[in-house]
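A.B. asks: Before anything else, here's the structure in question.
The values are calculated or read from the model by the stated rules, or taken from the named source; none is laboratory data. These numbers were taken from a predicted model, which means no experiment stands behind them. All Cβ positions, glycine included, derive from the backbone under ideal geometry; neighbour counts span all protein chains shown. Remember, those area values only see protein heavy atoms, side chains included, never the ligands or the DNA or RNA. Shrake-Rupley method; radii C 1.70, N 1.55, O 1.52, S 1.80 Å.
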Amino acid sequence: MDHIAARRIGTTGLSVTELGFGAAPIGGFRATISEAEAQALLETAWQGGVRFFDTSPFYGYGRSELRLGHFLRQYPREDYIISTKIGRVMHAQRPGEEAPADLRSNGLPGFIPAFDYSYDGVMRSLEQSCLRLGISRMDILLVHDIDFWTIQDRDLLDQRFRTLMDSGYRALDELRSAGVIGAIGCGLNEADMCLRFAQAGNFDCMLLAGRYTLLEQGALEAFLPYAGAKNVSVIIGGPYNSGILAGDVPDHATHDYKAAPRHLIEKARRIAAVCQRHQVPLAAAALQFPLAHPAVASVIPGALSVREVQQNLGHLRQPIPVALWHELRAEGLLAPTAPIPGQA
């Protein structure tokens with residue numbers, strides 16, 4: 001069994017492995033994975049040293065949490081860290097109620113999500129998650145998807161932000177004070193919203209998906225400096241930007257789960273060319289890059305197969321010469337203020 005170094009979450013007593021397991025795919029999020037395959041992915045990650053697992057009620061409408069809990073309950077509770085999310089409360093599908101299209105097509109459990117960021121919504125969501133996972137306390141609880149990327153409506157975004165900070169946040173703070181959860185944070189797709197939440201409340205961490213990667217470093221402008229100054233740990237989701245940084249960069253590469261625009265494909269290919277000159281896989285550079293920032297605690301890529309889990313483990317351990325990062329900077333492909341691996 002391999003070992004992966006761990007980093008602390010904020011000022012809490014929690015530490016997460018530098019490589020975590022993003023459990024969206026095992027719930028059927030954008031792919032169909034069988035029960036046996038899901039358990040095999042988790043076993044491979046565990047044997048590789050991963051001890052941090054991120055899930056959500058939204059991933060498979062409960063299926064991700066069920067599968068993760070089934071796997072983890074064979075191990076002592078203190079041997080791993082789980083983060084899950086609030087914001088969607090599940091209810092059983094009622095007669096005549098229309099199910100989401102992906103639930104119908106993938107044969108997912110018959111539960112329907114409803115947005116709820118209120119005090120009661122946080123309490124109900126946590127209770128449901130603990131029951132699905134088979135645990136009595138949660139390590140990290142994250143506010144999920146209050147960002148424009150998800151909502152696409154500024155007024156509704158502001159409404160949900162206010163509901164969370166005026167109501168749901170009180171539940172999060174009480175649960176943390178009572179020791180029911182170890183840390184609180186947000187799981188978002190925008191650095192600006194991570195900053196807005198970090199400034200509005202006493203959060204321990206932020207899970208930022210796809211916005212601090214080898215391809216884009218806009219989070220360096222305001223959010224990451226603030227997080228570092230305030231001891232808000234950052235967990236990086238989507239280090240491959242949903243595929244464009246995962247390997248070869250084909251014409252049909254994806255970015256943010258849709259076809260990548262031409263300018264990003266061209267930039268990714270330039271990055272890949274630098275990596276190739278140094279005999280380093282593009283995905284290895286993409287996985288390791290965010291970990292150089294002192295505010296970053298963990299990177300949590302997803303995986304659709306055992307082979308992809310093994311690749312992630314290998315990418316974490318891939319030797320990368322410092323010269324590669326300097327060449328990326330010289331080519332204007334990395335923000336000049338971005339910390340680089342191997343730099344004192």
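A.B. asks: Name every residue in segment 137-149 that is surrounded by fewer than 17 Cβ atoms within 10 Å (Cβ to Cβ) and of a type outside the set (A, V, I, L, M, F, W, C), in order of residue number.
C.D. replies: Answer for segment 137-149, where residues must be surrounded by fewer than 17 Cβ atoms within 10 Å (Cβ to Cβ) and of a type outside the set (A, V, I, L, M, F, W, C): just 137.
A.B. asks: Further question: Could you pull out the residue among 198, 183, 171 that is outside any helix (DSSP H, G or I), within 19 Å of residue 85 (Cβ to Cβ) and modelled with pLDDT of 95 or more?
C.D. replies: Answer to the selection: 183.
A.B. asks: Another one. Out of the residues in segment 128-150 that are closer than 21 Å to residue 53 by Cα, in a loop (DSSP other than H, G, I, E, B) and of a type in the set (D, E, K, R), which is modelled with the lowest pLDDT?
C.D. replies: So, considering only residues that are closer than 21 Å to residue 53 by Cα, in a loop (DSSP other than H, G, I, E, B) and of a type in the set (D, E, K, R), the one modelled with the lowest pLDDT is 137.
A.B. asks: Looking only at segment 115-156, which residues are without any contact (Cβ under 8 Å) to a residue 12 or more places away in the chain and among the polar types (S, T, N, Q)?
C.D. replies: Listed by number, the residues that qualify are 136, 152.
A.B. asks: State which residue pairs qualify: first residue over 30 Å from residue 15 (Cβ atoms) and inside segment 272-296, second residue open to solvent by 20 Å² or more (accessible area, probe 1.4 Å) in any location, beta carbons under 6 Å apart, and separation of 6 or more residues or different chains.
C.D. replies: Pairs found: 274/327; 278/321.
A.B. asks: Sticking with this one: Which members of segment 227-248 meet the condition of being of a type in the set (A, V, I, L, M) and open to solvent by less than 20 Å² (accessible area, probe 1.4 Å)?
C.D. replies: 227, 232, 234, 235, 236, 244, 245
A.B. asks: Can you pull out every residue in segment 13-44 that is β-branched (Val, Ile, Thr) and open to solvent by less than 20 Å² (accessible area, probe 1.4 Å)?
C.D. replies: Scanning segment 13-44 gives 16, 17, 26, 33.
A.B. asks: Hey, which of the strands (runs of 3 or more DSSP E) in segment 71-127, taking only ones fully inside, have at least 3 residues that are modelled with pLDDT of 95 or more?
C.D. replies: Passing ranges, in order: 81-86.
A.B. asks: Given 51, 63, which one is open to solvent by 40 Å² or more (accessible area, probe 1.4 Å), touching a Leu at 6+ places or on another chain (Cβ under 7 Å) and either of a type outside the set (Gly, Ala, Ser) or over 24 Å from residue 284 (Cα atoms) (or both)?
C.D. replies: It is 63.
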